[in-house]
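This report concerns only the one structure given below.
The values are calculated or read from the model by the stated rules, or taken from the named source; none is laboratory data. Since the model is a prediction, treat every value here as computed from it, not as a measurement. Here the Cβ is made from the backbone with ideal geometry for all residues, glycine too, and neighbour counts use every protein chain on show.
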Amino acid sequence: MGPYPFIITMATLVFLTAILVIEYMRSREVSGKDSDRNRMKQEKLGALSAEVKYLKKELSRKSEITDQFPRITKRMTEKLSSDAYPGIAVRSVKEFLHARKVGYFAPLDGSSDYTLVVGTGFPPHWTGKIRIHPDEGILGKALQKRVVVSRIDPHSSSGRRSSRPSLEDFMEDPPDFVAPVFGVSGIVGVLVVAGCPFELEEERISVSMLTDLLSMALENATHLDPHKSGMWVDQLTGVANRFYFQRRFESEIRRTENYRHALALFMFDIDEFKKINDVHGHQAGDVVIRTLAGLVQRNTRSSDLVGRYGGDEFMVLITSTTEEQAVSSVEILREKISGTDIAIPGTEVPVRITVSGGLAMFPAHGQSTTELFRAADDALFESKRNGRNRIQVASSSGLATESAIDREAGREPFDPNKKSVDSEAGPPDYTFGEF
């Protein structure tokens, strides 16, 4: 065998070996890429699986909230004594948040210190015995800020002094939430939650809503309590008096700020009411006012509040509403009033009345009760100037402008040079320092 065939054979072998090596390297590269792709797919599948698991958990929680909240609301809106609601709230919050401990704390009689009134998960001997200083730790922060405070909030437990007992000193588990509960006279207690298994920031709004339900229940129970109603009810009409209306108004503004909902204040009075007194007497005037109050209560929602400012002037607080909805509801009310016969004792022919009103929206027309009262009253005055038996919507500056009702009815907008049809020189200056 000559050298050439040998060289050719060896070259062929080298060539084939190189091809095999290259093919092997390519297969290794492809296999590595497949492995990387498989690994990436596995990672994506893992991430998708975790996301699906989280979404299922979140959906389950939202479904639970959707199911439970109406039932809790129904329980908290039943007509019960004020003493019954804290216990209902404690049990409801524990069930709703799956918390280990929930308690309602309130000031001790004759002291500013807080004690456990009713709770679940707390030692039995705490009830009425434990004393928590109102200026310490997370409880002090909640009372000072007048909002729900969570342990994840910055400085939630700052300012604690060893000489004064705080909630954290007594509890093995740090409180997850401390939420102030409001009554007609201000803060009347706090709800304390510990051992909540959910993300606290996500549950804050639920705690706030549940606490507001308890606050509203206590306020309504106080308003309906026959032993206390004299303090909150207008004696002639049975609707809320100015004091109670103002307190509730302040609470509703706070709740509205929490949930970013709108709120409407409607102020109105009877057109030419003096003529009724002059023709039929003051007793007839009282009959008209009582009848009007009853009519307004029957034609407003249970969540709204009707109050009497004084004389023939009334107020309606319309919660969770838009301007369009509020305008529609008060216009329907105005038409209902103008079409109702009011029987006067000793008079064969019933009388009919009309009302003029002003509507102000929070926060568009005012950021406080005083600003909203003034804006609504300015609008009421302008409705009188424009011919009575009508409703005027306030402007953002608190001065009345052409309303949606004007535009729909084709009425002329307000002319500042038009002479007033009423004898008064201008709207009264409402201040509420007496509250």
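Could you list, in sequence order, the residues of the stretch 362-372 that are touching a residue at least 60 places away in the same chain (Cβ under 8 Å), out of contact with any Leu (no Cβ under 7 Å at 6 or more places or on another chain) and not in a loop (DSSP other than H, G, I, E, B)?
Listed by number, the residues that qualify are Thr369, Thr370.
Confirm whether Glu331 is at pLDDT below 90, in a helix (DSSP H, G or I) and of a type outside the set (Lys, Arg). So that I can check it myself, show each step before the final result.
Values: at pLDDT below 90: no; in a helix (DSSP H, G or I): yes; of a type outside the set (Lys, Arg): yes.
No.
If the requirement is being touching a Ser or Thr at 6+ places or on another chain (Cβ under 8 Å), closer than 23 Å to Ser395 by Cα and of a type in the set (D, E, K, R), which of these qualifies: Glu252, Glu257?
Glu252
Inspect all residues belonging to the stretch 262-271 and state whether any of them is within 22 Å of Ala376 (Cβ to Cβ), surrounded by fewer than 17 Cβ atoms within 10 Å (Cβ to Cβ), modelled with pLDDT under 90 and assigned by TED's automatic domain parsing to the domain that holds Pro350. Reasoning before the result, please.
Restricting attention to the stretch 262-271, the residues satisfying the condition of being within 22 Å of Ala376 (Cβ to Cβ) are 262-271.
Still in the running and surrounded by fewer than 17 Cβ atoms within 10 Å (Cβ to Cβ): none.
Checked against the condition, which is being within 22 Å of Ala376 (Cβ to Cβ), surrounded by fewer than 17 Cβ atoms within 10 Å (Cβ to Cβ), modelled with pLDDT under 90 and assigned by TED's automatic domain parsing to the domain that holds Pro350, the stretch 262-271 yields no hits at all.
Checking Glu58 against (1) closer than 30 Å to His98 by Cα; (2) modelled with pLDDT of 75 or more; (3) not aliphatic (A, V, I, L, M), which single condition isn't satisfied?
It fails just one condition, (2).
Kindly indicate whether Thr431 is at pLDDT 95 or above, out of contact with any strand residue (DSSP E or B) (no Cβ under 7 Å at 6 or more places or on another chain) and either surrounded by 13 or more Cβ atoms within 10 Å (Cβ to Cβ) or farther than 17 Å from Glu324 by Cα (or both). Full working, then the answer.
Details: at pLDDT 95 or above: no; out of contact with any strand residue (DSSP E or B) (no Cβ under 7 Å at 6 or more places or on another chain): yes; either surrounded by 13 or more Cβ atoms within 10 Å (Cβ to Cβ) or farther than 17 Å from Glu324 by Cα (or both): yes.
Judged against the criteria, Thr431 is not a match.
Could you tell me how many of the residues in the stretch 303-319 are surrounded by fewer than 21 Cβ atoms within 10 Å (Cβ to Cβ) and of a type in the set (Val, Ile, Thr)?
1
Can you tell me which of Glu78, Glu136 is under 30 Å from Ser302 (Cβ atoms) and not aliphatic (A, V, I, L, M)?
Numbers: Glu136 fails: under 30 Å from Ser302 (Cβ atoms).
Answer to the check: Glu78.
Given the condition more than 21 Å from the chain's Cα centre (by Cα) and not aliphatic (A, V, I, L, M), answer yes or no: does some residue in the stretch 70-86 qualify? Before the answer, list the steps.
First, pick out the residues of the stretch 70-86 that are more than 21 Å from the chain's Cα centre (by Cα): 80-81, 83-84.
After this cut, where a residue has to be not aliphatic (A, V, I, L, M) as well, the list is 81, 83.
Scanning the stretch 70-86 turns up at least one residue that is more than 21 Å from the chain's Cα centre (by Cα) and not aliphatic (A, V, I, L, M).
Applying the selection to the stretch 118-137, what residues are modelled with pLDDT under 95 and of a type in the set (A, V, I, L, M)?
Of everything in the stretch 118-137, those that are modelled with pLDDT under 95 and of a type in the set (A, V, I, L, M) turn out to be Ile130, Ile132.
May I ask you to verify whether Ser49 is assigned to a loop (DSSP other than H, G, I, E, B), over 22 Å from the mean Cα position of the chain (by Cα) and more than 26 Å from Asp304 (Cβ to Cβ)?
Numbers: assigned to a loop (DSSP other than H, G, I, E, B): no; over 22 Å from the mean Cα position of the chain (by Cα): yes; more than 26 Å from Asp304 (Cβ to Cβ): yes.
Taking the combined requirement at face value, the residue does not satisfy it.
Looking only at the stretch 90-101, decide whether some residue is in the same structural domain as Leu139 (by TED's automatic domain parsing), more than 14 Å from Cys196 (Cβ to Cβ), assigned to a strand (DSSP E or B) and in contact with a Gly (Cβ under 7 Å, 6 or more places away or on another chain).
no
Checking the condition in contact (Cβ under 8 Å) with a residue 60 or more places away in the chain and surrounded by 14 or more Cβ atoms within 10 Å (Cβ to Cβ), which residue from Val178, Val118, Val102, Val149 passes?
Numbers: Val178 fails: in contact (Cβ under 8 Å) with a residue 60 or more places away in the chain; Val118 fails: in contact (Cβ under 8 Å) with a residue 60 or more places away in the chain; Val149 fails: in contact (Cβ under 8 Å) with a residue 60 or more places away in the chain.
Of the residues listed, the single one that is in contact (Cβ under 8 Å) with a residue 60 or more places away in the chain and surrounded by 14 or more Cβ atoms within 10 Å (Cβ to Cβ) is Val102.
Within the stretch 121-144, track down each residue that is of a type in the set (D, E, K, R) and free of Cβ contacts under 8 Å to residues at least 24 places away in the same chain.
First, pick out the residues of the stretch 121-144 that are of a type in the set (D, E, K, R): 129, 131, 135-136, 141.
The one that is of a type in the set (D, E, K, R) and free of Cβ contacts under 8 Å to residues at least 24 places away in the same chain: Lys129.
From Ser112, Ser60, which residue is among the small types (Gly, Ala, Ser), free of Cβ contacts under 8 Å to residues at least 24 places away in the same chain and either in contact with a Gly (Cβ under 8 Å, 6 or more places away or on another chain) or under 22 Å from Gly195 (Cα atoms) (or both)? Outline the logic, then answer.
Details: Ser112 fails: either in contact with a Gly (Cβ under 8 Å, 6 or more places away or on another chain) or under 22 Å from Gly195 (Cα atoms) (or both).
Sole residue among the options that is among the small types (Gly, Ala, Ser), free of Cβ contacts under 8 Å to residues at least 24 places away in the same chain and either in contact with a Gly (Cβ under 8 Å, 6 or more places away or on another chain) or under 22 Å from Gly195 (Cα atoms) (or both): Ser60.
Would you mind finding the one in Thr300, Thr322, Thr347, Thr340 that is surrounded by fewer than 19 Cβ atoms within 10 Å (Cβ to Cβ), under 17 Å from Gly366 (Cβ atoms) and either among the aliphatic types (A, V, I, L, M) or touching a residue at least 24 places away in the same chain (Cβ under 8 Å) (or both)? Walk me through how you get there before you give the answer.
Details: Thr300 fails: under 17 Å from Gly366 (Cβ atoms); Thr347 fails: under 17 Å from Gly366 (Cβ atoms); Thr340 fails: under 17 Å from Gly366 (Cβ atoms).
Unique residue meeting the criteria: Thr322.
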